1. Keeping all protein chains in place, calculate the accessible area per residue for the chain (probe 1.4 angstrom), answer in Å².
2. Within the chain, how many lysine pairs that are 8 or more places apart, or on different chains, have C-alpha atoms less than 20 Å apart?
3. Hey, what did the chain get for relative contact order, percent, Cα under 8 Å, at least 6 apart?
4. Could I have the simple spin-label model distance between F40 and D24, label points 7 Å from Cα toward Cβ, reported in nm to one decimal?
5. Just from the alpha-carbon atoms, what are the Rg and Dmax of segment 27-68 in angstroms?
6. With the convex hull built on the Cα atoms of the chain, state its orientation-averaged projected area in nm².
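The values are calculated or read from the model by the stated rules, or taken from the named source; none is laboratory data. All values derive from a computational prediction rather than experimental measurement. As a convention, Cβ positions derive from the backbone with ideal geometry for all residues, glycine included, and neighbour counts pool all protein chains shown. To get the accessible areas, we keep the full protein, side chains included, count just its heavy atoms, and leave off ligands, DNA and RNA. Shrake-Rupley method; radii C 1.70, N 1.55, O 1.52, S 1.80 Å.
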Amino acid sequence: MRNLHKKSPFAFMICIGNFFSDNDIGLFDKYKNGEKSIPFPTYILGPNTAAQAEMYVKYEINETNNEICPNLFFLGKRGNY
């Protein structure tokens with residue numbers, strides 16, 4: 001994604017569908033603790049499956065905690081699972 005952003009910069013990204021990997025093994029932890037960063041504002045919807053819902057609970061993503069980490073925001077689960 002960084003390479004695409006370098007070639008053709010964009011202001012933000014909206015992720016619809018599954019955001020997390022089905023076999024997450026703590027990869028997202030690096031973003032939560034600041035080891036890795038997201039280069040531009042990214043907005044996610046969800047969750048849309050039971051497996052994805054578990055990831056939202058794991059990372060404490062909810063309606064009141066909508067900034068997940070720098071440049072990553074949760075728009076809510078309205079109309080989803």
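1. Numbers: 5520 Å² over 81 residues.
Value returned for the chain: 68 Å² of accessible area per residue.
2. Details: K6/K36; K30/K58; K32/K58; K36/K58; K58/K77.
Within the chain, the lysine pair count is 5.
3. Values: 102 pairs, mean separation 25.5, N = 81.
After rounding, I find 31 percent.
4. Distance between label points: 2.3 nm.
5. 10.9, 29
6. Values: hull surface 21.9 nm².
Its Cα hull, projected and averaged over all orientations, spans 5.5 nm².
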